[in-house]
Amino acid sequence: MALLRTLFGHRRARSASASPTPAAPGGARSHVQRHYLTGVPYLLPKDPLEDQRLNYQHHALYRTLSNHYLAPLSPEGLRTILDVGTGTGIWAVELQALFPDARIVGVDVSLQSLPQPLPPPCVFVRANVLEGLPFPDGQFSYTHQRLLVAAIPARSWPEVVRELVRVTAPDGWIELLEISDVIQPAGPATRRLFDWIASISRSLGFEMEVVRHLGELLTQAGCVDVVQQDIPVPLGRWAGTAGQLLLTDVLHGLSTLKDSYCARTDTPPEVFDEMLREAAQEWEQQQARYLFHAAYGRRPGR
Amino acid sequence: MSTWKSVPRRAMAATEPLVLTAEQVEALQRALQGYRQEAFARELPTAERNARLRLAQSVLGKLLEPSPLPGGRRTLPLTADEQAGLRWLLAAFRAQQTRPAPDPRTDWLAVLAALEQRLEEP
């Protein structure tokens, strides 16, 4: 609870459950009213605007990473798939189209972002991976989790990865994908922006350093055949359509942090906008790439 | 180097499965993993690059399936599309080796060259 108080200390919590509440942490000065979850350490908003961004991000990632997953899956062995932090459910739905014979389950702390009516035959379950998953051992032949660095405090990562491995069947794959705080090459404006974001995130218990060790986390949790892949994704119009897609997603993603981070540090939003604008200029000038960290491994067979 | 084009749909039927030795399986795994690393690091995300990456991923998936044959051998059933793509990837991998590499990589190259030749056979 101490972490929650730190995270949302300036905000009146309306509920102890994962339900949305308006206004940014700290009571941000913004003309767009954003809604945040209470009761869980999640730094990003949970509202239709964010859902839209998440769906856009899903398509941007497909174009930049070539597929919806990176593990070397074989359709024959896929019976059950788990998507942790399913959000709008778009990944689960598209995986269902790729693997129609598999049973796909998505979990999230809040199911409010899912489309209505729910797309059959996917199943969605409300659960918080930080508190353990409501599934027996060895249930899934493939467990997938991505882009939860803003939802999992640094100290919880080893336990979360162990939990993912626990619910995965022997010989099943576990895959993790996270965005980093590294843009290469990084000019002074980019460094300034990311140093500022990192210092606030760190004070809230969120450490980007952890995502550089996803492969180690899988190995420590007992996985074999572990592959860690650092993927420098082209960022900006210079890289064509895919670069433009990622640029749009990154600009919107960083802007979603603006309200709460500016409020916490008494930083005028215009200062943030200027930092972001200057950084984005560098990305075009220097043909920058945004580093993603991926890792996948297999739970040992029986 | 010529670019790889997906073969027409009518040619996508499965070909005769390849039976690979444990050594060939390992060499091919290394080549495909290496290709993925290189492609992500150096190629812009075009539709063609993405198709090649998905193909490498799919073949890797077949190579890494549990329960190999005795002696670590493995049956590798490939569609005609995958076979064409794999030939292209192996040729690209060979072309990248501009100078002799130290052992044991040299051995992997020899193994892959033999495998490439098998894929060329009618």
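Which numbered condition in (1) within 14 Å of chain B (Cβ to nearest Cβ); (2) on the phi < 0 side of the Ramachandran plot; (3) open to solvent by less than 10 Å² (accessible area, probe 1.4 Å) is the only one that A:CYS262 fails?
Of everything listed in (1) within 14 Å of chain B (Cβ to nearest Cβ); (2) on the phi < 0 side of the Ramachandran plot; (3) open to solvent by less than 10 Å² (accessible area, probe 1.4 Å), A:CYS262 misses just condition (1).
Among the listed residues B:LEU90, B:LEU86, which satisfies the condition of being touching an Asp or Glu at 6+ places or on another chain (Cβ under 6 Å), part of a helix (DSSP H, G or I) and buried (at least 17 other Cβ atoms within 10 Å of the Cβ)? Before you say what the answer is, go through the steps one by one.
Numbers: B:LEU86 fails: touching an Asp or Glu at 6+ places or on another chain (Cβ under 6 Å).
The conditions single out B:LEU90.
Pick out, from the stretch A:75-180, the strands (runs of 3 or more DSSP E) lying fully within it that include 1 or more residues that are under 15 Å from the mean Cα position of the chain (by Cα).
Qualifying strands (runs of 3 or more DSSP E): A:80-84, A:103-108, A:140-146.
Going by the conditions given, is A:THR248 away from every other protein chain (no Cβ under 14 Å), touching a strand residue (DSSP E or B) at 6+ places or on another chain (Cβ under 6 Å) and among the β-branched types (Val, Ile, Thr)? Please lay out each step first, then the result.
On the way: away from every other protein chain (no Cβ under 14 Å): yes; touching a strand residue (DSSP E or B) at 6+ places or on another chain (Cβ under 6 Å): no; among the β-branched types (Val, Ile, Thr): yes.
It is false that A:THR248 is away from every other protein chain (no Cβ under 14 Å), touching a strand residue (DSSP E or B) at 6+ places or on another chain (Cβ under 6 Å) and among the β-branched types (Val, Ile, Thr).
Which ones in the stretch A:147-187 are among the charged types (D, E, K, R) and open to solvent by less than 20 Å² (accessible area, probe 1.4 Å)?
Our first condition is that a residue be among the charged types (D, E, K, R); within the stretch A:147-187, this holds for A:155, A:159, A:162-163, A:166, A:171, A:175, A:178, A:181.
Listed by number, the residues that qualify are A:GLU175, A:GLU178.
How many of the residues in the stretch B:62-77 are more than 12 Å from every other protein chain (Cβ to nearest Cβ) and in a loop (DSSP other than H, G, I, E, B)?
2
A:ARG192: open to solvent by 40 Å² or more (accessible area, probe 1.4 Å), away from chain B (no Cβ under 11 Å), over 28 Å from A:GLY106 (Cβ atoms) and part of a helix (DSSP H, G or I), yes or no?
Details: open to solvent by 40 Å² or more (accessible area, probe 1.4 Å): yes; away from chain B (no Cβ under 11 Å): yes; over 28 Å from A:GLY106 (Cβ atoms): yes; part of a helix (DSSP H, G or I): yes.
Yes; evaluated as a whole, the condition is true for this residue.
Can you tell me which of A:GLN57, A:GLN52 is more than 10 Å from every other protein chain (Cβ to nearest Cβ), at pLDDT 90 or above and crowded, with 20+ Cβ neighbours inside 10 Å?
Working: A:GLN52 fails: crowded, with 20+ Cβ neighbours inside 10 Å.
Sole residue among the options that is more than 10 Å from every other protein chain (Cβ to nearest Cβ), at pLDDT 90 or above and crowded, with 20+ Cβ neighbours inside 10 Å: A:GLN57.
Looking at (1) over 16 Å from A:THR190 (Cα atoms); (2) surrounded by fewer than 20 Cβ atoms within 10 Å (Cβ to Cβ), which one does A:ALA295 not meet, given that it meets all the others?
(2)
So B:ALA95 passes all but one of these: (1) assigned to a helix (DSSP H, G or I); (2) facing chain A (nearest Cβ under 8 Å); (3) surrounded by fewer than 16 Cβ atoms within 10 Å (Cβ to Cβ). Which condition number does it fail?
(2)
Residue by residue, here is whether (1) in contact with a strand residue (DSSP E or B) (Cβ under 6 Å, 6 or more places away or on another chain); (2) open to solvent by 30 Å² or more (accessible area, probe 1.4 Å); (3) within 19 Å of A:GLY172 (Cα to Cα); (4) within 14 Å of chain B (Cβ to nearest Cβ) holds:
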position	(1), (2), (3), (4)
A:HIS68	no, no, yes, yes
A:PRO75	no, yes, yes, yes
A:LEU78	yes, no, yes, yes
A:LEU82	yes, no, yes, no
A:ARG126	no, yes, no, no
A:PRO136	no, yes, yes, no
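The values are calculated or read from the model by the stated rules, or taken from the named source; none is laboratory data. Quick caveat, the model's predicted, so the values are computed rather than measured. Because the Cβ atoms are built from the backbone with ideal geometry, glycine has one as well, and the counts that use them run over all protein chains shown. The protein model used for the area step is the full one, side chains on, heavy atoms only, and it has no ligands, DNA or RNA in it. Shrake-Rupley method; radii C 1.70, N 1.55, O 1.52, S 1.80 Å.
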